1. Criterion first (surrounded by 12 or more Cβ atoms within 10 Å (Cβ to Cβ) and free of Cβ contacts under 8 Å to residues at least 40 places away in the same chain) does M366 satisfy it?
2. Does P240 qualify as being modelled with pLDDT of 95 or more and surrounded by fewer than 20 Cβ atoms within 10 Å (Cβ to Cβ)?
3. Identify all residues within segment 214-226 that are farther than 24 Å from A169 by Cβ and open to solvent by 20 Å² or more (accessible area, probe 1.4 Å); write none if there are none.
4. What's the number of the only condition in (1) modelled with pLDDT under 95; (2) open to solvent by less than 30 Å² (accessible area, probe 1.4 Å); (3) within 30 Å of L229 (Cβ to Cβ) that D393 fails to meet?
5. Specify the residue that is most open to solvent (accessible area, probe 1.4 Å); the eligible residues are those in segment 182-191 that are assigned to a helix (DSSP H, G or I) and closer than 12 Å to V233 by Cα.
6. Please determine whether any residue of segment 196-208 is of a type in the set (V, I, T) and closer than 27 Å to E364 by Cβ.
7. Which residue, of L200, L167, L229, is closer than 18 Å to P266 by Cα, modelled with pLDDT of 95 or more and either in a helix (DSSP H, G or I) or open to solvent by less than 50 Å² (accessible area, probe 1.4 Å) (or both)?
8. Determine the pairs where a residue that is of a type in the set (F, W, Y), located within segment 114-135, has a partner that is surrounded by 24 or more Cβ atoms within 10 Å (Cβ to Cβ) with Cβ atoms under 6 Å apart, the partner being 6 or more residues away or on another chain.
Amino acid sequence: MAANPTLKLVGKASLLAGLAAAAALTVAAMTDRGGISVTQQWPFAIANARGEVASAIEDGDGVAALEAAERLVLNAPLRRSNVSLLATAHQLAGNAQASADIFRIASSLGWRDLLAQGNAVQLALANGEYDIAASRMEALVRAEPGSAVTRQLVVVIADVPESRAALGAAMAAGDGWGDNLIIGLHELPVEEIAARLPILRAASSNGFQPTELFARRETDRIYADNPVLGWEVWTALAGPGAVAETGLWDSDFSTIKESSFGGRAPFEWRRERRTTQTLGIAEQDGQVRLAVTGRNFAAENLANQHVRLAPGRYLLGWDSSAAVSGRPDLLLSADCALPTRPMELGPAIFEEGSFYRLLVVGPECMLAQIRVFAPTGGSDSRWIANPRVLPID
């Protein structure tokens with residue numbers, strides 16, 4: 001069996017991340033209080049050997065890594081992390097079969113060893129055992145979601161359709177451990193965030209529902225730096241929403257709460273911070289309406305949400321109070337959120353019980369913002385419902 005270069009990288013990253021405590025112990029134990037060296041005595045010999053293994057692997061010196069790893073296992077033969085380090089050293093030294101055999105021994109000592117689990121994932125993928133790879137990946141995500149090994153292997157699993165699907169199904173059937181792939185998502189490099197999206201989509205398609213707080217928080221933080229990526233994360237976590245039917249992810253205003261500005265994703269209806277109006281939710285004839293009270297003496301935006309729209313022509317459609325007079329109390333409006341600029345909008349036209357206006361999305365607009373707009377004046381009590389963005393072309 002040839003050495004696996006990807007596994008070498010995984011082992012190296014895990015070693016550098018996982019031996020921080022041992023390295024600190026080595027430094028602290030260089031001399032005792034009387035100035036007499038104790039670094040060659042147990043347990044300091046173990047710490048020294050681990051430090052030497054780490055240094056040798058960092059330098060790519062397989063011979064030195066193997067010599068230090070053998071001393072490490074001699075001093076602590078049943079510590080599974082040490083056995084895994086010996087397997088990694090054999091791999092670096094080019095002894096692929098010995099490495100594989102020792103990794104099997106390390107795996108038998110327990111499920112929590114990162115290197116052994118990482119090797120098991122890689123081996124299962126190499127053998128086409130995609131369900132087994134997903135099962136081992138689940139163990140890593142449950143136990144050590146932030147480790148370098150887990151992060152690298154998540155990227156590998158995401159690129160294998162069969163294992164990606166199996167991991168997504170396991171997340172949907174699990175007891176909430178799938179949140180481990182979401183918590184702290186905004187702290188990862190963009191490439192790692194993007195790599196997790198296929199797994200999250202697979203989980204969502206199987207019925208996985210992340211904790212709402214985590215989903216909205218991570219989406220909001222990612223959106224602040226990269227709005228388009230924020231949209232991809234949100235739809236991967238929360239599904240496509242009502243986009244297929246209405247062109248908007250959130251179409252019924254039920255996410256708006258007068259008492260709080262926070263907790264909403266940018267792709268749900270959110271109350272405008274500067275509005276002077278009182279917003280509430282009312283239901284009539286099975287229709288969820290945004291009820292607005294308070295007389296506005298100047299035109300103002302009341303609520304907004306963001307949505308990905310391809311370049312082209314659309315109709316903004318909505319129902320509103322005062323429809324019988326042909327003049328809506330409240331309107332849908334839009335602008336480009338990325339980059340920030342106005343978009344071409346037509347006048348409101350009343351047709352068969354609803355209002356419509358033309359919206360033109362230019363090729364430069366990557367993310368649109370749909371708004372609920374209140375013209376100057378109007379009655380003290382108004383409502384708007386059934387918002388939609390309908391493609392013409």
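The values are calculated or read from the model by the stated rules, or taken from the named source; none is laboratory data. Just so it is clear, the structure is predicted and the values come from calculations on it, not from any experiment. Positions of Cβ are backbone-derived with ideal geometry, glycine not excepted, and every protein chain shown enters the neighbour counts. Quick note on the areas: whole protein, heavy atoms, side chains included, nothing else; ligands and nucleic acids left out. Shrake-Rupley method; radii C 1.70, N 1.55, O 1.52, S 1.80 Å.
1. So M366 fails the test.
2. Taking the combined requirement at face value, the residue does not satisfy it.
3. Across segment 214-226, the qualifying residues are R216, R217, D220, R221, Y223, A224, D225, N226.
4. The one condition D393 does not meet is (2).
5. V190
6. no
7. L229
8. Y130/S163
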